[in-house]
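Only the coordinates and a few stated rules stand behind these numbers; no lab work does. The model shown is predicted, which means the values in this text are computed figures rather than measured ones. Glycine gets a Cβ as well: all are built from the backbone with ideal geometry, and neighbour counts include every protein chain shown.
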Amino acid sequence: MCFICISCPNPLHFQPGICYNLAMKRILIISLILITAVIVLTACGSTVPERLVGEWQCADSPSGNAMYTGMYTMTIQEDGSFSIVDTEAGNPCIAGTMKGDDTGKLGILELTCNTDDFDPPICWPNFKPNSSVRYKIIDNDTIKLGYVGIWLTFNK
């Protein structure tokens, strides 16, 4: 009999006093737990695609719309916090957190906006505090955010 499993049928063990099968099962379970923890912790750190982080200035008009949007600036932090501000009026538009996938040049961002001073961009009239937007990375200095087919272009 070994110390780990009392009902071990094999009196000859790979290592004296240790049930080899039970020890291997425990090592396998611990390894799986550690690998899962590493994957979860790594995924938690990447809330926003790295290429979106920074200060952005909106182009004068969104796609398919004649409204002026050059007054918006957007700031995206590494931790996923963001804000879009109307710099001409000095008003915050939307601010909160974003989470997204880093699939390359296209993807979806899940935005959770603070409800204080919630005033979404004028070209996104039905925008809600918890909304999904699409993003396109055009190049290192240009990105687009789209909501219901209306795209805002931002430049660094």
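Before moving on, here are some points about what is shown:
- Seen from residue 136, the other residues with C-beta closer than 9 Å to its C-beta sum to a net charge of +3, counting Lys and Arg as +1 and Asp and Glu as -1.
- The lysines whose alpha-carbon is closer than 28 Å to the alpha-carbon of residue 136, local same-chain residues fewer than 8 away aside, are 99, 105, 128, 144, 156.
- Placed amide H near residue 107: partners under 5 Å, 5+ positions off or other chain: 135
- Rg ratio for the stretch 96-156: its Cα radius of gyration over 2.2 N^0.38 Å, N being its residue count, equals 1.12.
- 13 Å beta-carbon shell around residue 97, net charge (K/R +1, D/E -1): -2
- J(HN,Hα) series, the stretch 72-77, from Karplus relation 6.51 cos²θ - 1.76 cosθ + 1.60, nearest Hz, glycine and proline x: 8, 10, 10, 10, 10, 8
- Local net charge near residue 54, Cβ-Cβ under 14 Å (Lys/Arg +1, Asp/Glu -1): -4
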